[in-house]
Amino acid sequence: MIKKHLLLFVFVSFFCPAFAQKIQSPQEFLGYKLGEHFTPHYRIAEYFRYVASVSKNVKLQQFGTTNEGRPLLAMFIASDENIGRLEEIRHNNLKLAGIESGGGSTAMPVVTWLSYNVHGNEPASSEASMWTLFDMVDPANAATKAWLKNMVVVIDPCLNPDGRDRYVNFYNSVVGAAPDPSPTSREHVEPWPGGRVNHFYFDLNRDWAWQQQKETQARVGLYNQWLPQVHVDYHEQGYNAPYYFAPAAEPYHKDITQWQRQFQITIGKNNAKYFDQNGWMYFTKYEFDLLYPSYGDTYPLYNGSIGMTYEQGGISAGLAVVTRSGDTLTLVQRVAHHHSTSLSTLEIAALNTQKLLDEYKKFFDNSRANPPGDYKTYVIKNDNNNKINALAKMLGRNGIQYGFGLANKTVTGFNYVTQKTEQYNVGANDLVVNAYQPKAVLLHVLLEPKTFIPDSNTYDITAWSLPYAYGLKAYGLKESFKPASTEWSVAAPKPLVNTHAYAYVSAWQSVNDVKFLAALLKKKIKVRYAEKPFEAGGRQFTAGSLIVTRAGNDLADFDQVVTQTAASLNQEITPISTGFVDKGSDIGSDAVRYIHQPKIALIAGDGINSEAMGEVWHLFEAQIGYPATLIRYQDLSRTKLGEFDVVICPDGRYEDFPSEKLQNWIRDGGKLIAVDNAVSLLVDKKGFLIKHKEEKKEDKDKEKDKDKTVKLYGDRDRLALSESIPGAIYKLNLDNTHPLGFGLPDYYYSLKLNDDIYDLFSGDDGWNVGTIKKDGYVSGFVGAESKKKINNGLLLGVQPMGRGSVVYMVDDPLFRSFWENGKLLFSNAVFMVGQ
Ligand SMILES: [Zn+2]
């Protein structure tokens, strides 16, 4: 009997592959219908792994891990014919783009990539990802099988697993046996910081181009190895809104092609067909524009793809919530909508594979033969190897080709700093980027000095030009020049061995220099800084340069510790053999000051802008490697503040600010660094000198007159624009003799995120370190009223108070961590000011 059964089993499994291929649906696998519960990330990963183990049409790739150790996954789905040649298809894409040589063929499969759940508390899409996957691999599904004939599908089930689990764990821990749809019930109110952001509270849908976060680096790394033809980024918005899909709203960046616009409409109409059939509400062409380059729709668009954002109404909705119109919105519905647009997008892509590939090829042919923009070559002056290195790395991560130096040294180009056309002698180690390359569009978007913006409402910052962000001098050239070399001739600094120096000197101009200081301080090495420029050992050093003297560092292996720390960070240091300097103040003089190792408290918790706080946290922990203690503002009253030297208050809404305790601590020698709204909360507070700039009387009168003019209700969005500044670049005059300005030139490009501006300090009361004069505007959209306001005032100030000080930073210098030059400015506030 036993034998007979065994025989039957062998027979069935051998002759009926359909039986062997029976694949469990998400419902069968999870034990509940999708949308009935929130699925934790590990269970989603288990379902993907399960499908990978039973379907012959998929390949699962773990391409990274999150900060909290969760896997980042991409599932590649293809037909029987294509699954074995994924590498060939991938290389073909890169050949079509011209990134690899060999031409490439348009008679190959299209690649469509679906990215789910980038914002952790927009969780419906990860649930839908399992359903989409099942439909694509279900052997009984003839429709999807047909689509796979000419298409490879990539599913990333969750771009932000840490954020998703933060939300899902919260929700699952507070929901009762049945969900409570009442909007005020606590299951619809997420605690701080919420699940939207990743571990370091970064918005991963603002990080595609900058790649400051681990998750983005891994994902965009993989993305650039594939460069798909279609990409969808799945989101949720407020739960009262209906579904949003392409075509996107204006403004579009002008480099987005007619074809890309056109196909957004084609896809949108296909989505609409299914929504119409089901009677579901939706909208298009509103709110979600295509400008800022670090989104999951624009980044793909600037890389030759049809990039789109889809938004289901659903943030904070839990399993069920009553909406404004009195309907109950459920997770089951939200999942169904995302599933519908997933399939509809795959369907329409599959029906247009030839056109998609032809146009994709055309996009890159055009990029290489006829790059957009006025400038065909960009030259970025190498004033500092570390800074050039940081920029080169960033370009490299985006697949932008660059080199160094030019054969003909004298060129004429647009000077980003003076905004004039000038002659320039190109140095051998200047960074040179030729526009004729596959990534010409992305290059242009990231480097053009002024973003072209039609006068319409936009969702995000409108200026990001990299030379300003990195604080590097740059020239835009109308002629095309190829760099002289793909390698730069700057040798890595030679590690010093067997030195016996009086002191070691390091520059203070880049994040790497800050890292070096942090590493020394952590090793309890005493470090000083030069208050004024000086010359020693045949070299010139600017104010702020770090000096590590043998004096005071009584270690047997002093030279080794300093030189090895430098070598481990690739940091160049100069040994000097005497304290008697060639020019300037001697090492033992008053002008060389001791850097007290600061103990830092960073304020977090309810009311604090979590992203702003996360930028500081990430700077200390992941970028420069220096300890900071995170304290909730409400716990400050029971904190021994005397243990800290620096308190950092990021942007936020603080209650009872500054507390008396905090003020006393400052007077006793503490240093408060206030950023953004924390600055405005100090206005009119006793002892704090910061004051809103008084508007001139005639301006006020005009304002009053204007208020009396009759406005049209229908114009209200447009009128609001005149007082808006979504994010623009301003040039500040910087007092770089003040420690807050060390290592920077006498100007600083600031990303202005609001129209706040303050009165200059008078007399000896405070230091006006960063000020704006009449023509500070550089780039980006600024409403007419705001433009008038941002003039003649203070944006960076330092006020001595008792034995302590207050640093005022009106605009967040660490915004999204991509404003590289802001990191030095912020480090000045932390390590240099008040020492
Ligand atoms: Zn979102």
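Annotations
- Selected residue (criterion: farthest from LYS387 (Cα to Cα)) from residues of the range 491-510 that are surrounded by 19 or more Cβ atoms within 10 Å (Cβ to Cβ) and of a type outside the set (Ser, Thr, Tyr): ALA501
- Selection count where residues are charged (D, E, K, R) and within 16 Å of the ligand (Cβ to nearest atom), scope the range 183-202: 2
- Members of the range 401-438 found to be part of a strand (DSSP E or B) and polar (S, T, N, Q), listed by number: THR410, THR412, ASN415, THR421, GLN423, ASN425, ASN434
- Residue that is modelled with the highest pLDDT [pool: residues in the range 758-802 that are under 25 Å from SER724 (Cβ atoms) and among the polar types (S, T, N, Q)]: THR771
- Residue match in the range 598-605 (condition: over 19 Å from VAL830 (Cα atoms) and either part of a loop (DSSP other than H, G, I, E, B) or touching a residue at least 24 places away in the same chain (Cβ under 8 Å) (or both)): yes
- Residue list for the range 203-224, filter: within 16 Å of the ligand (Cβ to nearest atom) and either in contact with a Gly (Cβ under 6 Å, 6 or more places away or on another chain) or at pLDDT below 95 (or both): ASN205
- Flag: LYS774 does not match the condition of being surrounded by fewer than 19 Cβ atoms within 10 Å (Cβ to Cβ), in contact (Cβ under 8 Å) with a residue 60 or more places away in the chain and not aliphatic (A, V, I, L, M).
- Selected residue (only one of LEU744, LEU760 is assigned to a loop (DSSP other than H, G, I, E, B), under 26 Å from the mean Cα position of the chain (by Cα) and in contact (Cβ under 8 Å) with a residue 24 or more places away in the chain): LEU744
- Taking every residue in the range 195-223 that is of a type in the set (A, V, I, L, M) and pairing it with any residue that is more than 16 Å from the ligand (Cβ to nearest atom) and assigned to a loop (DSSP other than H, G, I, E, B), at least 6 positions away or on another chain, the pairs with Cβ-Cβ distances below 7 Å are ALA209/PRO293; ALA209/ASN398; VAL220/GLN211.
- All told, HIS199 falls short of being under 33 Å from the mean Cα position of the chain (by Cα) and surrounded by 24 or more Cβ atoms within 10 Å (Cβ to Cβ).
- Counting only residues that are surrounded by fewer than 20 Cβ atoms within 10 Å (Cβ to Cβ) and hydrophobic (A, V, I, L, M, F, W, C), the range 46-66 holds 4 of them.
- Those strands (runs of 3 or more DSSP E) lying entirely in the range 286-369 with at least 3 residues away from the ligand (no atom under 16 Å from the Cβ): 320-322, 328-330
One line per residue, one yes/no per condition, for (1) within 30 Å of LEU520 (Cα to Cα); (2) out of contact with any Pro (no Cβ under 6 Å at 6 or more places or on another chain); (3) part of a helix (DSSP H, G or I):
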residue	(1), (2), (3)
GLY614	yes, yes, yes
HIS618	yes, yes, yes
GLN623	yes, yes, yes
GLN634	no, yes, yes
GLY642	yes, yes, yes
TRP665	yes, yes, yes
LEU672	yes, yes, no
ALA678	no, yes, yes
LEU682	no, yes, no
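- Residue ID - nearest to the ligand (Cβ to nearest atom), chosen from residues in the range 95-132 that are surrounded by fewer than 24 Cβ atoms within 10 Å (Cβ to Cβ) and in a helix (DSSP H, G or I): TRP131
- If you go through the range 344-360 and keep only what is of a type in the set (A, V, I, L, M, F, W, C) and surrounded by fewer than 21 Cβ atoms within 10 Å (Cβ to Cβ), you end up with just LEU351.
- Set side by side, the residues PHE76, PHE48, PHE19, PHE38 differ, and just one is of a type in the set (Phe, Trp, Tyr) and modelled with pLDDT under 95, which is PHE19.
- The residues of the range 238-285 that are exposed (fewer than 15 other Cβ atoms within 10 Å of the Cβ), in a loop (DSSP other than H, G, I, E, B) and hydrophobic (A, V, I, L, M, F, W, C) amount to a single one, MET281.
- The range 225-260: number of residues that are in contact with a strand residue (DSSP E or B) (Cβ under 7 Å, 6 or more places away or on another chain) and more than 16 Å from the ligand (Cβ to nearest atom): 10
- All positions within the range 803-829 that are assigned to a helix (DSSP H, G or I) and of a type outside the set (A, V, I, L, M, F, W, C): ARG816, SER817, GLU820, ASN821, GLY822, LYS823, SER827, ASN828
- From LYS439, LYS420, residue being under 30 Å from the mean Cα position of the chain (by Cα), more than 30 Å from ILE600 (Cβ to Cβ) and charged (D, E, K, R): LYS439
- Members of the range 137-171 that are assigned to a loop (DSSP other than H, G, I, E, B) and surrounded by 23 or more Cβ atoms within 10 Å (Cβ to Cβ): PRO157, CYS158, LEU159, ASN160
- Under the condition of being assigned to a loop (DSSP other than H, G, I, E, B) and over 15 Å from ALA392 (Cα atoms), the residues counted in the range 439-482 number 22.
The values are calculated or read from the model by the stated rules, or taken from the named source; none is laboratory data. Everything numeric in this text was worked out from a predicted model, so none of it was measured. Don't worry about glycine lacking a Cβ; one is built from the backbone with ideal geometry, like all the others, and counts go over all protein chains shown.
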